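The values are calculated or read from the model by the stated rules, or taken from the named source; none is laboratory data. What you are looking at is a predicted structure, and each value in this text was computed from that prediction instead of being measured. Cβ placement follows ideal geometry from the backbone for every residue including glycine, while neighbour counts extend to all protein chains displayed.
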Amino acid sequence: MAKSDGDAPPEDLIRAYKLILSRVLETRPSGSRQRLADALGKHRSFITQMTSPSYATPIPQRHLATLFSVCHFSPAERDAFMTAYRAAHRGKLAIGEAERKMRHLSLLVPDIGDDKTNAAFDRALSEFVHKLSSLMRKPGGDE
């Protein structure tokens, strides 16, 4: 008799949605992981851990909308991912949070002249926007 999702270990359920994500990323242009890191204001190592099925670390719900936007999930890919994500995080998914539509915004910023400093500047801007947008999601703006 096959196990139901409810009987599967949490790590296996997390790996299931990460496997879908890794397949999606394999079909996207090179640089997608770096764009995701930039959009989330995170280091590339965080993205590697977040997207790899070999790590059972769950993907934070607050990152789903950005993930869908940056990685350009097809409707079928998104549905499959969300089905697996809901199975892994029963009762913990706030309805609508993952469905929040994101948009891209391009900015022209000065070139500081140093790749490392430019990257730090870009991360700081991304983190600022992420924190600012989280204020809009919470009643009273409390974090």
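Here are the numbers for this structure:
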{"read-out": "Region 21-49: number of residues that are more than 24 Å from Ser106 (Cβ to Cβ), surrounded by 13 or more Cβ atoms within 10 Å (Cβ to Cβ) and not β-branched (Val, Ile, Thr)", "value": "4"}
{"read-out": "Top-ranked residue in region 1-23 [being part of a helix (DSSP H, G or I) and at pLDDT below 75; ranked as farthest from Arg78 (Cα to Cα)]", "value": "Asp7"}
{"read-out": "Residue match in region 74-82 (condition: within 17 Å of Lys18 (Cβ to Cβ), at pLDDT 90 or above and assigned to a loop (DSSP other than H, G, I, E, B))", "value": "no"}
{"read-out": "Members of region 37-73 found to be in a helix (DSSP H, G or I), over 12 Å from Leu25 (Cα atoms) and of a type in the set (Ser, Thr, Tyr), listed by number", "value": "Ser45, Thr66, Ser69"}
